[in-house]
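One structure is given here, and the rest of the page talks about it.
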Amino acid sequence: MRKIIFFMFCCAATPGAFAQKCLDINIVSLMGQLQPPASAASAYGNCQTTKNSDRQSVIVNYGTAYTNLDNMLKTNMQAFNGAAMAGMGATGPDPSQVQNAQALAAKMQSMTPDQQKAYAMQMAQNMQHSYTRSPAMAENPQIAKLVGQTQTIAATQLVPLDNEFAAKYRELIEKEVKEKAQVAQPNYAPCPGVDKIGLPSCGCINGIAGTYWGKIIAIDNRYIAQKNALLESYLPRIKALVGQIEDNIAKLHRGDDVSTQTYKRMLSSSQSTAFSAAFDTAAAIVEENQKTGSDDYVNKVNCDNQVYLLGCASGGK
C-alpha cells in the first residue's frame, strides 16, 4: 500500500517546514483520476499485453489510467517533498527534527482514530497558540483565523478520516489474503503421462490450473467490489474536506495574501496534508485492484489457452 501521508503529515506537524507558497494544483480535480476497475476481467482489459515466445500473454503495463495516476502521484509527491526540503534550507532538515517527526508518526499509528483526532486537535491548538503569542509572528487577524481553520480541518478532520478509511481497507486486505490462502493448490496427479516421455496432457494440467485461478479470480471480484464500495463511501467525505481546504487556499491566493512565514507554512502544510489524505488510501485501492486483478486474470487466460504450464504434451499426443 502506497504511503503518502507519513512524510506529509510530519511536515504538517513540524513548525520548521514549508516557508513557500502553496503548489498550483487542484486536488479535487485530480481526484477524478481515482477510477477503479469493476472486476478482474475489466482490470485485465485495461492492460496493454503482448505474447512471448511460448505464446503466453504477458502484461506490458497496467493501462493508461493506472500509468497516469501513478505518474501524477509521483510528480506531486516530489513537488511537495522538494518544497518541504527547500523550506528547511539548503543544508536539509535538522536530524533532531526528523527523529521527532518519525516518533510522532509512530505514536499516531499506535492510536485509535478517536485518539488520533483528539491528539491532532490538541497539537493544532498548541501550534496556533504558540504562533499567536509571539510578536514576531503577527498576522492579519482575519487571515490568521482562516489559516488556522484550514489547518484544523486538515489535522483534526481529514487525517483521522483517512486513518479510519485506511484501517478498514487493511481489514479487507487481511481477509482477502486469508481467503486466498485457503484455496487448495492445484493437484496434477490425475493427469497421467500421455506421450513417449511421460508428459501429461496440456489440456489436463492447464485445466486444473485454470480451475485454481478461477477460484482466485472469484475472490478477487468479491473483494474488488467490497473495496470499491469502501472507496465510494469515503471518497465524497474526503473530497468535501479537501474542497474546503482548497477553497480557503484559493481565498488566500495560495498564500500571497499571507504576510508571515509562519502562517504561510501552516497553509502549505494544510495543502500537503490534503493531498496525502486524498490519495493515500484511495489510490492504493485503485492501483491494487487494477494490478492484482489483472495479474491473476492473465494466469487464467494462459490456462484457457493451454500455455500457463509448458511442461506438457499438446493435444494429448
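What the table below lists for this structure:
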item: Meets criteria (surrounded by 19 or more Cβ atoms within 10 Å (Cβ to Cβ), assigned to a helix (DSSP H, G or I) and touching a Pro at 6+ places or on another chain (Cβ under 6 Å)) for residue 163; result: yes
item: Residue list for segment 173-207, filter: touching a helix residue (DSSP H, G or I) at 6+ places or on another chain (Cβ under 9 Å), assigned to a helix (DSSP H, G or I) and open to solvent by 20 Å² or more (accessible area, probe 1.4 Å); result: 173, 175, 179, 180, 203, 204, 207
item: Subset of segment 304-317 (residues that are in a helix (DSSP H, G or I) and modelled with pLDDT of 95 or more); result: 304
item: Pairs where the first residue, in segment 207-228, is within 13 Å of residue 183 (Cβ to Cβ) and the second is of a type in the set (Gly, Ala, Ser) and modelled with pLDDT of 95 or more, C-beta under 6 Å, 6+ apart; result: 217/40; 220/40; 220/293
item: Boolean, residue 153 is surrounded by 18 or more Cβ atoms within 10 Å (Cβ to Cβ), over 20 Å from residue 292 (Cα atoms), over 32 Å from the mean Cα position of the chain (by Cα) and among the aliphatic types (A, V, I, L, M); result: no
item: Within segment 54-65, tally of residues that are assigned to a loop (DSSP other than H, G, I, E, B) and open to solvent by less than 40 Å² (accessible area, probe 1.4 Å); result: 2
item: Residue count, segment 42-53 (criterion: under 19 Å from residue 202 (Cα atoms) and either open to solvent by 70 Å² or more (accessible area, probe 1.4 Å) or at pLDDT below 95 (or both)); result: 2
item: Those residues of segment 168-203 which are over 14 Å from residue 307 (Cβ atoms) and of a type in the set (A, V, I, L, M, F, W, C), in sequence order; result: 172, 173, 177, 181, 183, 184, 189, 191, 194, 197, 199
item: Residues located in segment 304-317, provided they are open to solvent by less than 40 Å² (accessible area, probe 1.4 Å) and of a type in the set (Lys, Arg); result: none
item: Residue selected from segment 66-85 under the condition in contact (Cβ under 8 Å) with a residue 40 or more places away in the chain and polar (S, T, N, Q), by the criterion least open to solvent (accessible area, probe 1.4 Å); result: 76
item: Enumeration of residues in segment 208-238 that are acidic (Asp, Glu) and open to solvent by less than 40 Å² (accessible area, probe 1.4 Å); result: 220
item: Checking residue 285 against (1) in a helix (DSSP H, G or I); (2) surrounded by fewer than 19 Cβ atoms within 10 Å (Cβ to Cβ); (3) touching a residue at least 60 places away in the same chain (Cβ under 8 Å), the condition it does not meet; result: (2)
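Table: residues versus (1) touching a residue at least 40 places away in the same chain (Cβ under 8 Å); (2) out of contact with any helix residue (DSSP H, G or I) (no Cβ under 6 Å at 6 or more places or on another chain); (3) open to solvent by less than 40 Å² (accessible area, probe 1.4 Å); (4) part of a helix (DSSP H, G or I).
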residue: 254; (1), (2), (3), (4): yes, yes, no, yes
residue: 259; (1), (2), (3), (4): yes, yes, no, no
residue: 267; (1), (2), (3), (4): yes, no, yes, yes
residue: 276; (1), (2), (3), (4): yes, no, yes, yes
residue: 289; (1), (2), (3), (4): yes, no, yes, yes
residue: 293; (1), (2), (3), (4): yes, no, yes, yes
residue: 296; (1), (2), (3), (4): yes, no, yes, yes
residue: 299; (1), (2), (3), (4): yes, no, yes, yes
residue: 302; (1), (2), (3), (4): yes, yes, yes, yes
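The values are calculated or read from the model by the stated rules, or taken from the named source; none is laboratory data. Computed from a predicted structure; not experimentally measured. Here Cβ is always computed from backbone atoms with ideal geometry, including for glycine, and neighbour counts include all displayed protein chains. Just the protein is used for accessible areas: all its heavy atoms, side chains included, with ligands, DNA and RNA removed. Shrake-Rupley method; radii C 1.70, N 1.55, O 1.52, S 1.80 Å.
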